[in-house]
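Worksheet for the structure shown next.
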Amino acid sequence: QVRLVESGGGLVQAGGSLRVSCAASGRTVRRNKMGWFRQAPGQEREFLAAISWSTGATYYGDSVKGRFTISRDNAKNTVYLQMNSLKPEDTAIYYCAASQSTSYWTRDYDSWGQGTQVTVSS
């Protein structure tokens, strides 16, 4: 079981940038991939990006490709989501997730953080 703690959320103006972080810790080390999701009020949870912990290979959802970048720092056990050209519709709670599986980029996440609020003003 992996413990995930997000940070770095806040209020930003449209067109601005923000980087959210996810620190991973725990007794076990089965976290083969990490992902970022978000959920806005009244909407379903949306996949944003994923990264292989070991290789660094990445995959992005269509809604954020070209604007968001996922990365990880193995030494710090931390994954990041750099968000550029933010829009008001990006306003949501952003969640970090970890998965033991390597079969899918968008599914089979086992551990979730509590989320960090990102608000983009017009």
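Set side by side, the residues LYS76, LYS65 differ, and just one is closer than 15 Å to LEU4 by Cα and more than 12 Å from the chain's Cα centre (by Cα), which is LYS76. Could you list all residues from segment 34-58 that are charged (D, E, K, R), in contact (Cβ under 8 Å) with a residue 12 or more places away in the chain and part of a loop (DSSP other than H, G, I, E, B)? ARG45 - this is the single residue of segment 34-58 that is charged (D, E, K, R), in contact (Cβ under 8 Å) with a residue 12 or more places away in the chain and part of a loop (DSSP other than H, G, I, E, B). Among residues that are out of contact with any helix residue (DSSP H, G or I) (no Cβ under 9 Å at 6 or more places or on another chain) and hydrophobic (A, V, I, L, M, F, W, C), ALA23 is included.
Within segment 3-20, one or more residues are in contact with an Asp or Glu (Cβ under 7 Å, 6 or more places away or on another chain) and either open to solvent by less than 20 Å² (accessible area, probe 1.4 Å) or at pLDDT 95 or above (or both). Tallying residues that are assigned to a strand (DSSP E or B) and exposed (fewer than 14 other Cβ atoms within 10 Å of the Cβ) within segment 71-81 yields 1. When each of ARG72, ARG67, ARG19, ARG31 is tested for being touching a Ser or Thr at 6+ places or on another chain (Cβ under 6 Å), in contact (Cβ under 8 Å) with a residue 12 or more places away in the chain and among the charged types (D, E, K, R), the lone residue that passes is ARG67.
The values are calculated or read from the model by the stated rules, or taken from the named source; none is laboratory data. Note that the structure is a prediction, hence the values are computed from the model and not measured. Methodologically, a virtual Cβ is constructed for each residue, glycine included, from the backbone with ideal geometry; neighbour enumeration extends over all protein chains shown. When the accessible area is computed, the model is the full protein with side chains, heavy atoms only, and any ligands, DNA or RNA have been set aside. Shrake-Rupley method; radii C 1.70, N 1.55, O 1.52, S 1.80 Å.
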